[in-house]
Structure formats: C-alpha cells, structure tokens
Amino acid sequence: MPEKLLGTNNKLSKQSSRGEPYVLRGLSLAPANLSGYETCPMRTPDCTKACIGVKSGHNRFNPAKQAKIRKTKLFFEDNETFMALLFRELNNHRKYCDRLGKKPVVRLNTYSDIVWEKKHPEIFREFSDIQFYDYTKMHRRWDLPKNYHLTLSYTGYNWEQCVEWLTTTRNVAVVFKDCWDNPLPTEWRGFPVVDADEDDCRWLEAPGVIAGLRTKGSVKNAGPFFADSQELFTPLTISGDSPDTNRKESMHIANTMD
Ligand code: SF4
C-alpha cells in the first residue's frame, strides 16, 4: 500500500497573490511507462527523455521513483482501493482548506496524462468546490467539467494544435531553453508569454497566453521540445514541425523510459 497519494513539491507550494488564497496538492504517478503501465499516451521521445518526473530534484532518486510506481500500480491493479483513498484525501484537503479559509486546488497529473474527466468524472461532481488543473499533451481534451482547467503542452511537433487552443481562449505551455540567464520572451510565435515558473496557477491564466517555463533537471537537449526563445519564426515552414514529422513522432511513442 502506498503512503499518501496527494503531496506537494517546490512548484506546487509556491504561493501567488493572484486570485484567492489557495492550498495546492498534487498526485504524482509514475510518468511514461516507468511503472510498467503507460500513463502518458501522447508522450514523445523528447519529453520522455527530459521528463522532470524522473530527471529533476528529488525525482531523480530511487525512493521517489518507487513511491510513484507504488501509487501507479495501485491505480491500475486495484482501482477501487485507489479511488477510495483518493476520495478520502480529497475530502481531508477540502476540510483542511475550510479551516484555513483557503481554496482547495488539486493537480491530478503532476507527472502523468490520465484522462480523469473520462475515467473518473465523479471526482469533479463530488468535489465541485475543489479547483482541479493539469497540463496535457492530448489536444482533444476540451470537453471538461467546470472545475477542471487544462493547459496544452507544446511538444515541438504540435504547433497547429497549440494555435487551435490559443485562438479559442485556452492556454499552451512551452518550455524554453537558455532562459535561466536570459529573460523569457514576452511574445512567441505571435502570442503573449507569461512567466509560468512564478506559480502553478494555470487556472487563473488569461485566455490565449503561452505559459512560459524554463528547462529544469539534468537534460539540456531535448530536440524541439525545448523551444528556442530567439527563433526566427515563419508560420508555414517551421523546421521539424510539419504534419509528416508529427506522424513520425507518433510512431516513436512506445519508447521506454530509462
Ligand atoms: S507527457 Fe509529461 S509527464 Fe509524461 S513523459 Fe512527457 S513530460 Fe513526462
């Protein structure tokens, strides 16, 4: 049996002056196929290689990996028990926030891409007072409960889908390389960029903005997944971003995680 399902980390514990005071918790399942079960159906070789779920901070170490694996195995092998535990912890989080007079917020896919609104829509009904949010690489996930906010992640190969999201009042997250010493761009490919490392409050984002992130962890090169903040962009001829490349990319999704 895993320890607690919900927890926190440096990013989740960042407080923001935006919106009402909140307490944020996250569910950290094992990314990709680390547990023997696939939790990121649309991952690419690049994001798998650079995944902060195993490549940054304490996530690099075996105890943290094993804790994620135990939770993921429970989710897939005894989903009833997993959901009972999750409901209990969501309820506790709600009560804790009530006592503090703060808004409960939960990120269910801290390092995974489970389609919660389809697999367990009851969560969003039962905890309608909790704000849920996630990042996803599945662009068709737009039929969502009111209390679930999603940000589409740029993979280096899905710019057309990103434009579709950005032009229909949703948001996109882009990881920029070389921005630790240099500022994030204020605009990228014609869309405004906000600093998404300042907090993790993606549900408060203005519509149509890019949530700009800096690279984290030991991996410095992850192909076009790490975007070039200084690129000279020509809308119809993005190198490595063609539909052909997209098809090639999806053929490689079955990579294993080391
Ligand atoms: S989809 Fe996200 S969580 Fe999954 S392997 Fe890629 S970067 Fe990691």
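The values are calculated or read from the model by the stated rules, or taken from the named source; none is laboratory data. Fair warning: this is a prediction, and the values are worked out from it, not measured in the lab. As a convention, Cβ positions derive from the backbone with ideal geometry for all residues, glycine included, and neighbour counts pool all protein chains shown.
Quick one: is Leu34 surrounded by 17 or more Cβ atoms within 10 Å (Cβ to Cβ), under 19 Å from the mean Cα position of the chain (by Cα) and within 12 Å of the ligand (Cβ to nearest atom)? Yes: the conditions hold for Leu34. Would you check if there is a residue in the stretch 121-132 being within 19 Å of Pro41 (Cβ to Cβ), out of contact with any Lys or Arg (no Cβ under 9 Å at 6 or more places or on another chain) and either free of Cβ contacts under 8 Å to residues at least 40 places away in the same chain or of a type in the set (Gly, Ala, Ser) (or both)? Yes, some residue in the stretch 121-132 is within 19 Å of Pro41 (Cβ to Cβ), out of contact with any Lys or Arg (no Cβ under 9 Å at 6 or more places or on another chain) and either free of Cβ contacts under 8 Å to residues at least 40 places away in the same chain or of a type in the set (Gly, Ala, Ser) (or both). Return yes or no: is Glu117 more than 16 Å from the ligand (Cβ to nearest atom), closer than 30 Å to Tyr157 by Cβ, touching a residue at least 24 places away in the same chain (Cβ under 8 Å) and among the acidic types (Asp, Glu)? It is true that Glu117 is more than 16 Å from the ligand (Cβ to nearest atom), closer than 30 Å to Tyr157 by Cβ, touching a residue at least 24 places away in the same chain (Cβ under 8 Å) and among the acidic types (Asp, Glu).
From Arg202, Arg189, grab the single residue that is within 16 Å of the ligand (Cβ to nearest atom), modelled with pLDDT of 95 or more and basic (Lys, Arg).
Criteria check complete, one pass: Arg202.
The residue that is farthest from Ser153 (Cα to Cα), among those in the stretch 39-62 that are out of contact with any Lys or Arg (no Cβ under 7 Å at 6 or more places or on another chain) and among the basic types (Lys, Arg), is Arg60.
Where helices (runs of 4 or more DSSP H) fall wholly inside the stretch 2-77, the ranges with 2 or more residues that are in contact with a Phe, Trp or Tyr (Cβ under 8 Å, 6 or more places away or on another chain) and basic (Lys, Arg) are 62-77.
The residues on offer are Arg88, Arg60, and the sole one that is surrounded by fewer than 17 Cβ atoms within 10 Å (Cβ to Cβ), over 14 Å from the mean Cα position of the chain (by Cα) and within 16 Å of the ligand (Cβ to nearest atom) is Arg60.
For Cys51, the requirement of being touching a Ser or Thr at 6+ places or on another chain (Cβ under 9 Å) and either within 11 Å of the ligand (Cβ to nearest atom) or under 14 Å from Asp134 (Cβ atoms) (or both) is not met. What strands (runs of 3 or more DSSP E), lying completely within the stretch 141-219, carry at least 3 residues that are among the basic types (Lys, Arg) and either free of Cβ contacts under 8 Å to residues at least 40 places away in the same chain or farther than 19 Å from Arg18 by Cβ (or both)? Filter on the stretch 141-219 gives an empty set.
For Thr155, the requirement of being surrounded by 15 or more Cβ atoms within 10 Å (Cβ to Cβ) and either modelled with pLDDT under 95 or of a type in the set (A, V, I, L, M, F, W, C) (or both) is not met.
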